[in-house]
Amino acid sequence: MFIGISGISDIIIGASSLPDKLEYRKKSIYLCVMKQLEIFKALSNKTRLEILQWLKDPEASFPEQAHVSGFELGVCVGEIQRKAGLTQSTVSEYLSILQRAGLVTSTRVGQWTYYKRNDIAFDELSKIIQSDI
């Protein structure tokens with residue numbers, strides 16, 4: 001059996017899988033960039049930034065919650081809505097945008113949903129800004 005030069009190089013260095021690896025890397029970089037764009041878009045709204053600031057220190061920003069003790073689960077949407085002075089649907093949309101960007105997490109307890117800042121995401125964002133921007 002005769003193997004051409006390109007066939008030998010494929011066998012020796014595994015070049016046949018090289019395009020797959022490059023394609024995977026391109027997709028990975030693309031997804032990373034898209035996630036960064038989603039984060040920065042989420043941060044581009046004054047009210048969403050305020051919500052994130054309030055959630056950074058919920059004890060100082062919100063009154064005691066009626067349905068749970070403390071702020072371990074986060075802050076109820078209703079409390080965020082009252083503080084923002086916006087409709088519940090607008091606040092829910094803002095929180096959904098922040099959640100899709102990975103900047104907040106939610107916990108559902110019965111009919112109430114509680115939102116909490118995702119501090120790990122902010123640590124990662126800080127690293128991205130320091131290294132990539």
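When each of the peptides 117-123, 75-81 is scored by the mean number of other C-beta atoms lying within 10 Å of its residues, the order from highest to lowest reads 75-81, 117-123.
Scoring 84-94, 56-66 by mean Cβ neighbours within 10 Å over their residues and listing the highest first yields 84-94, 56-66. Fully extending the segment from residue 132 to residue 89 would add 12.0 nm, taking 0.36 nm per residue of separation and subtracting the current Cα-Cα distance. The distance between label points at residue 34 and residue 116 comes to 2.9 nm (points 7 Å beyond Cα on the Cα→Cβ vector). Counted by Cβ distance under 15 Å from residue 68, the other residues give a net charge of -2, where Lys and Arg count +1 and Asp and Glu count -1.
Annotation: amide H-H contacts under 5 Å for residue 75 (H modelled 1.01 Å from N, sequence separation of 5 or more, or interchain): 115, 116.
If you plug the beta carbon distance of residue 41 and residue 68 into 1/(1 + (r/R0)^6) with R0 = 30 Å, you get a FRET efficiency near 0.45.
Its convex hull of Cα atoms gives segment 45-132 a direction-averaged projected area, equal to a quarter of the hull surface, of 5.9 nm². Is the shape of segment 57-104 rounded, prolate or oblate, going by the alpha carbon gyration tensor and its root eigenvalues a ≥ b ≥ c, with a/c under 1.5 for rounded and a/b larger than b/c for prolate? Oblate, because a/c is 1.5 or more while a/b does not exceed b/c.
Values in this text are rule-based calculations from the coordinates and carry no lab data. If you're wondering where the values come from, they're calculated on a predicted model, not measured in any experiment. Positions of Cβ are generated from backbone atoms using ideal geometry, with glycine treated the same way; all protein chains shown enter the neighbour counts.
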